[in-house]
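The values are calculated or read from the model by the stated rules, or taken from the named source; none is laboratory data. As the structure is a prediction and not an experimental result, all values here were calculated from the model. Note that we place each Cβ from the backbone using ideal geometry, even for glycine, and neighbour counts take in every protein chain shown. Keep in mind that these areas ignore ligands, DNA and RNA; they rest on the heavy atoms of the full protein, side chains included. Shrake-Rupley method; radii C 1.70, N 1.55, O 1.52, S 1.80 Å.
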Amino acid sequence: VIVGKNTTQTPVFSRNLTSVVLKPSWQLPESIKVEKLIDAQRRGSSIEDEGYVIKKGEKTVESWSVDWSKAELSAYTFFQPSGDGNALGRVKFLFPNKHSVYLHDTPAKSLFDSSVRLFSHGCVRLRNPLDFAQRLIDVAKGVGSLDVAEAVDDGPGNNQVTLENSIPIHLGYFTVWVDDNGKADYLGD
């Protein structure tokens, strides 16, 4: 997995996983909107060039038409449509929580080759999310009820599969534990 950076750590908590979303779109949380606007400006591009869509209510808005120094940022919704460049990749796993954290795929697969995996804004990115989704759906709905790979390739965007029986998820952080001999073992972050 990949977890939160030191400045955006993945929180420790427990909730129940209630659904799997295939081909998700990504609505940016308030905490990331400003960062994405500034990043695009630094690169001399618009946020739309980065693959995002901005809406105010139901109306699509072009970023260049807004004076962001005076705008109420919370009145605008920023999102990435489903697709190859989407930051959530091909699947996300929802366990509603106050942190807006979930498990998801990532298009940045090369990050899994790093020995340090602190790259996210707090969510947990999975190396093999389609395998995990398939196993969850097989358990929840029966083996063969849905071919996840096929649904991701050919199905609609934001295809939410609700799990009738939620599954407990526990996010934890353990760099120290006691082995069978009573000796403390320590690992780095």
**Request:** May I ask you to say which residue of 122, 155 is open to solvent by less than 30 Å² (accessible area, probe 1.4 Å), within 17 Å of residue 88 (Cβ to Cβ) and out of contact with any Ser or Thr (no Cβ under 9 Å at 6 or more places or on another chain)?
**Result:** 155
**Asked** What number goes with the only condition from (1) more than 30 Å from residue 148 (Cα to Cα); (2) open to solvent by 40 Å² or more (accessible area, probe 1.4 Å) that residue 16 does not pass?
**Response** (1)
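To keep it simple, each residue is scored yes or no on (1) at pLDDT below 95; (2) among the charged types (D, E, K, R).
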position: 5; (1), (2): yes, yes
position: 14; (1), (2): no, no
position: 18; (1), (2): no, no
position: 22; (1), (2): no, no
position: 29; (1), (2): yes, no
position: 32; (1), (2): yes, no
position: 35; (1), (2): yes, yes
position: 44; (1), (2): yes, no
position: 56; (1), (2): no, yes
**Prompt:** Within the set of pairs 6+ apart or on separate chains, which have a first residue in the stretch 66-92 that is at pLDDT 90 or above, a second that is crowded, with 19+ Cβ neighbours inside 10 Å and basic (Lys, Arg), and C-beta atoms under 6 Å apart?
**Reply:** 73/33; 78/33; 82/23
**Prompt:** So is residue 57 over 21 Å from the mean Cα position of the chain (by Cα) and either open to solvent by 40 Å² or more (accessible area, probe 1.4 Å) or without any contact (Cβ under 8 Å) to a residue 12 or more places away in the chain (or both) or not?
**Reply:** yes
**Request:** With respect to residue 134, determine if the residue is among the polar types (S, T, N, Q) and touching a helix residue (DSSP H, G or I) at 6+ places or on another chain (Cβ under 6 Å).
**Result:** yes
